[in-house]
Every structure is written in C-alpha cells, then in structure tokens.
Amino acid sequence: DVKVTQSSRYLVKRTGEKVFLECVQDMDHENMFWYRQDPGLGLRLIYFSYDVKMKEKGDIPEGYSVSREKKERFSLILESASTNQTSMYLCASSLYSNQPQHFGDGTRLSIL
Amino acid sequence: LAKTTQPISMDSYEGQEVNITCSHNNIATNDYITWYQQFPSQGPRFIIQGYKTKVTNEVASLFIPADRKSSTLSLPRVSLSDTAVYYCLVGGGSNYKLTFGKGTLLTVNP
C-alpha cells in the first residue's frame, strides 16, 4: 500500500529558528509536493519536485526552501521561522503529474 | 492556472445522494479533474479522477460535461462517516502545478 510518512505530527519552534520538515515516500514516485493548509484557505502549494535535485516554486514559496537529495525524501526548510508560518504542513507524492497524489497525515507546526 | 470554485458547505441526511459541483472555467486541454476527501487531522485521501464524461468507482461517480468547465462529484447514499471536506483538484497533464479548490464541508445528519 502507498505510504507517505512525515517525521512529526506536532512541532513547536521559536521565531527565528531554522526548521526542517521531513517527508519520505516508499512508492518510488517521481513527484513530491509540500502544501500548507490554513482555515478558510484550503491547501496551497509551496514547492514541488519532479525529480531528484529538481524543484519548482508553487503558489506561496516565500520564506521556504526545499531539498530533494534522494528520490524518496523531500524536505521543507523554514530558514528563519516566523509566526505567520504557523500552520498544518502536508506532504504528498505522485507517480506522474496526471496521477493522483498520496498524502501524509501532516505536521502541525507552531511558531512561538 | 485553472482556478476552481466549490460551495463552502453542504448539508445532507443519511441515505441521500449528494452532488458537489466544482467550476473550473479555464481548465487546460491536458488537465485532469481529481477529487479528494479529508477528515480532521488527516491528509486528503484520493476519491476519484476523470478527464471527460463519466467515471465511476466503488465509492463515487464523477460527471464531466463536454466543455469540461465544471464537474460534479456524486456520493450515493451517504452515511454519517462521509462527513468531511471534499476538494476538487484540476491539473496534472504536462503541467506539474496543481490547484486545489477551497473545499466543501459536507455534513451528513442522522
């Protein structure tokens, strides 16, 4: 069965910290995605990657960066966390761009 | 990018058929239409995907008219456990960027 695993369900960090959110998929999928989800705004795409070491900006990339050194792992980095980055972060993967995405259960990140 | 519009919320009763419509007026030729279901504290779960006409699986049907500018997710005989947020997603094809609608909160009442 398809499995997307996010390293933490809940995370609390302080303003200005560098924060790493990790995501691993075990399906040999080409594409991986990072979204954030906020009440009333639905899911918004931050970054995605269609191959190792490749990345593309989504709709809201400001304040974030990503890393994909291995096919199965996609990391989201908050270089200097701010309170407006408090949110639910969701990772997803898909085999090809027209295939359904499979989501992890999310990381609820609080920046104090 | 194709933008989608869905109702913010819908109410239904157990045993009824529920239809949720999504508008996507500027859908691209290569775009697919995908629907997801999300429960609180969980990631979205894939329900159904289609390109045109009608698609049916064990949990839902998806109706897409010829102009593809809208789509309708149909859930037959809903139960209380179908209470969730339903997202319409347009994209894929040769374009990796995907657009989620803001979701429809479906509440199924006893």
If you take the alpha carbon radius of gyration of segment B:9-109 and divide it by 2.2 N^0.38 Å, what ratio comes out, to two decimals? 1.04
Any idea of the accessible area per residue across segment A:4-111, 1.4 Å probe, to the nearest Å²? 45 Å²
Would you jot down the residues in segment A:26-45 that end up with at least 10 Å² less accessible area in the complete protein assembly than in the chain alone, with a 1.4 Å probe? A:Asn31, A:Phe33, A:Tyr35, A:Gln37, A:Gly40, A:Leu41, A:Gly42, A:Leu43, A:Leu45
Net charge over other residues, Cβ less than 10 angstrom from the Cβ of B:Ser74 (K, R count +1; D, E count -1): 0
Excluding residues fewer than 8 places away in the same chain, name every one of the lysines whose C-alpha is closer than 21 Å to that of B:Lys102. A:Lys57, B:Lys3, B:Lys69
From the residues B:Val108, B:Phe63, B:Gln42, which one has its Cα farthest along the dipole of segment B:9-109 in the positive direction, the dipole being from +1 and -1 charges on Cβ of Lys/Arg and Asp/Glu about the Cα centre? B:Phe63
Based on alpha-carbon centroids, what's the gap between segment A:47-90 and segment B:15-93 in Å, whole number please? 27 Å
Compare each residue of segment A:89-112 in its chain alone against the assembly with all protein chains, and report those whose accessible area goes down by 30 Å² or more; 1.4 Å probe, heavy atoms. A:Ser97, A:Asn98, A:Pro100, A:Gln101, A:Phe103, A:Asp105
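Computing the accessible area with a 1.4 Å probe over protein heavy atoms, can you report the carbon and sulfur percentage for chain A?
Whole-percent figure for carbon plus sulfur exposure: 48.
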Per-q log10 I(q)/I(0), segment A:56-112, q = 0.20, 0.24, 0.25 Å⁻¹ (Debye; single scatterer per alpha-carbon; no solvent): -0.91, -1.22, -1.28
Based on C-alpha coordinates, I'd like the Rg and Dmax of chain A, in Å. 13.0, 38
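In debye to the nearest 20, how big a dipole does the protein assembly as shown give about its Cα centre with +1 on each Lys and Arg Cβ and -1 on each Asp and Glu Cβ? Intermediate results must be reported in sequence, preceding the final value.
Values: 24 positive and 22 negative charges, 87 e Å.
My answer is approximately 420 debye.
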Over chain A, what is the mean sequence separation of C-alpha contacts under 8 Å (at least six apart), divided by residue count, expressed as relative contact order in percent? 36 percent
With every protein chain kept in place and ligands, DNA and RNA left out, what is the accessible area per residue of chain B? Probe 1.4 Å, answer in Å². 49 Å²
What residues of segment A:40-67 lie in the reach of a label at A:Ser7, counting those whose backbone N is under 15 Å from a point 7 Å from the Cα along Cα→Cβ? A:65-67
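The values are calculated or read from the model by the stated rules, or taken from the named source; none is laboratory data. Computed from a predicted structure; not experimentally measured. Cβ sites come from the backbone with ideal geometry, for glycine too, and all protein chains shown count toward neighbours. Note: accessible area is taken over every heavy atom of the protein model, side chains too, but ligands, DNA and RNA are not part of it. Shrake-Rupley method; radii C 1.70, N 1.55, O 1.52, S 1.80 Å.
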